[in-house]
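These notes concern the structure reproduced below.
The values are calculated or read from the model by the stated rules, or taken from the named source; none is laboratory data. Predicted model only: the values in this text are computed from it and were never measured. Reconstructed Cβ throughout: ideal geometry from the backbone, glycine too, with neighbour counts over all protein chains shown.
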Amino acid sequence: MARTVLKFGGTSVGDLDRIANVAEIVAARAAKGEKMAVIVSAMSGETNKLVALADGAAGKELPRHLYDDEYDVVVASGEQVTAGLLALALRRRGLKARSWLGWQLRLKTDNSHGRARIMGFDD
């Protein structure tokens, strides 16, 4: 059976009520037997806060190319939080749900920090 990929942006998951709404959408589709992978953005406004924190910690004297890797770690934490919250909301509704990070799925990407492309999966 094919797996559907659903993507919800920051406004759609902007607070706990909106995350609950997304969980209801996913639960309704799961009840019909649909298999899904759900991708979420950081909650509305969180990415901007995380970018400011990363830039503030690095300071103006450190060129971005010297901290792109750690910048990605900080900024990605917004998506990680949302994914965890959605997994909890789905479990609350009796669904088997788990949030995953790229390294847990063994994703292989190119080396373009901030805009990496998935090249495949490591065996």
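Structure notes:
For every residue, the table says whether it meets (1) part of a loop (DSSP other than H, G, I, E, B); (2) hydrophobic (A, V, I, L, M, F, W, C); (3) surrounded by 11 or more Cβ atoms within 10 Å (Cβ to Cβ).
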site	(1), (2), (3)
A57	no, yes, yes
V74	no, yes, yes
A87	no, yes, yes
W103	yes, yes, no
H113	yes, no, yes
A116	yes, yes, yes
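- Within segment 29-68, tally of residues that are among the acidic types (D, E), farther than 23 Å from I19 by Cα and modelled with pLDDT of 90 or more: 1
- Checked against (1) at pLDDT 95 or above; (2) touching a strand residue (DSSP E or B) at 6+ places or on another chain (Cβ under 6 Å); (3) exposed (fewer than 12 other Cβ atoms within 10 Å of the Cβ); (4) not hydroxyl-bearing (S, T, Y), A83 passes all but a single condition, namely (3).
- Scope segment 6-18; condition surrounded by fewer than 16 Cβ atoms within 10 Å (Cβ to Cβ), part of a strand (DSSP E or B) and either in contact with a helix residue (DSSP H, G or I) (Cβ under 9 Å, 6 or more places away or on another chain) or β-branched (V, I, T) (or both); matching residues: L6
- For segment 19-43, the tally of residues that are crowded, with 17+ Cβ neighbours inside 10 Å, without any contact (Cβ under 8 Å) to a residue 60 or more places away in the chain and of a type outside the set (V, I, T) stands at 3.
- Scan segment 1-21 for residues that are among the β-branched types (V, I, T) and farther than 15 Å from E79 by Cα and the total you get is 2.
- Number of the condition not met by M43 [criteria: (1) within 17 Å of G9 (Cβ to Cβ); (2) in a helix (DSSP H, G or I); (3) of a type in the set (A, V, I, L, M, F, W, C)]: (2)
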